[in-house]
Amino acid sequence: MFSAQQAEDYISEMRDYALAKGREPGTWYMFHNHVYGVALLAKEIAALTKDLNPERAYVMGLMHDAGKMREDFEKRFHGIIGYELLKEEDFEAARASLLHMFGFDKFPPYEKVAKMFFDNHKDYDFVCDFAVRNPLNDYDRLIQMADAMADKRGLVTMEQRAADYAVRYHQPVSPEMFGSRMALKQYFDKKTGVDIYSLFEKISPDYKLQEGQDIK
């Protein structure tokens, strides 16, 4: 399993890969703020529970988008790529990557997510089969929820995240996806005994990069 330091080093390697492929350094803040926002929120929530390990939650948060920088080059869903990259070293982080976008009670039909899967029905079938054989656990749920509370700005409400998604992808978040994430918030509100949004102010803003800023 990855330690927190190893996960942070992995993010640095992803940055180097992206820059080598031509990504503008000043745009790195968008990915950085998202994954660190997810990781730090997941860690804070886990610390309020009796059965979730904060460091494990932090690692999974950092690694949930492990395949994102390769997605456009490999033309495959980044959750699949992340799973394949991580499964031998950290299976828990690998499954968090694979499942972080699919918290529905019923898996979305292929025609609704074909674009996300780059029209690769085999990858879609793999995720569906995996989800059936490996029911969601609380780490999976935690990363799904935290993923819906962080974007290029860092931590945001689910409503803000959904609005940003709609602008970027020119389509609204589906009611099924938004409803499932709100249900997860209610679940963790109850599990921790606090409103998850109230934890935002406990997380240091120092992790965030500003627009155009890069890590040297």
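Does Phe130 satisfy the condition of being aromatic (Phe, Trp, Tyr) and under 24 Å from Lys75 (Cβ atoms)?
On the way: aromatic (Phe, Trp, Tyr): yes; under 24 Å from Lys75 (Cβ atoms): yes.
Answer is yes for this residue.
Being charged (D, E, K, R) and in contact with a His (Cβ under 6 Å, 6 or more places away or on another chain) is the filter; apply it to segment 43-89 and report the residue that is farthest from Leu184 (Cα to Cα).
Among those that are charged (D, E, K, R) and in contact with a His (Cβ under 6 Å, 6 or more places away or on another chain), it is Glu71.
Among the residues of segment 95-119, which ones are under 20 Å from Arg141 (Cα atoms), assigned to a loop (DSSP other than H, G, I, E, B) and either at pLDDT 95 or above or within 16 Å of the chain's Cα centre (by Cα) (or both)?
His100, Met101, Phe102, Gly103, Phe104
Do any residues in segment 76-98 that are of a type in the set (Gly, Ala, Ser) have Cβ atoms under 6 Å from those of residues that are not in a helix (DSSP H, G or I), where the two are at least six apart or on different chains, and which pairs are they?
Gly82/Ala66; Gly82/Gly67; Ala94/Lys87; Ala96/His64; Ser97/His64; Ser97/Ala66
Quick check: is even one residue across segment 38-51 of a type in the set (Asp, Glu), open to solvent by 20 Å² or more (accessible area, probe 1.4 Å) and out of contact with any strand residue (DSSP E or B) (no Cβ under 6 Å at 6 or more places or on another chain)?
Yes, segment 38-51 has at least one match.
Can you name the helices (runs of 4 or more DSSP H) wholly within segment 120-216 that have at least 1 residues being surrounded by fewer than 18 Cβ atoms within 10 Å (Cβ to Cβ) and of a type in the set (A, V, I, L, M, F, W, C)?
The helices (runs of 4 or more DSSP H) meeting that bar are 121-133, 158-169, 175-192.
The values are calculated or read from the model by the stated rules, or taken from the named source; none is laboratory data. Predicted, not measured: the structure shown is a model, and the values here were computed from it. Backbone-built Cβ (ideal geometry, glycine too); neighbour counts: all protein chains shown. Side chains are part of the model used for accessible areas, which takes the heavy atoms of the whole protein and leaves out ligands, DNA and RNA. Shrake-Rupley method; radii C 1.70, N 1.55, O 1.52, S 1.80 Å.
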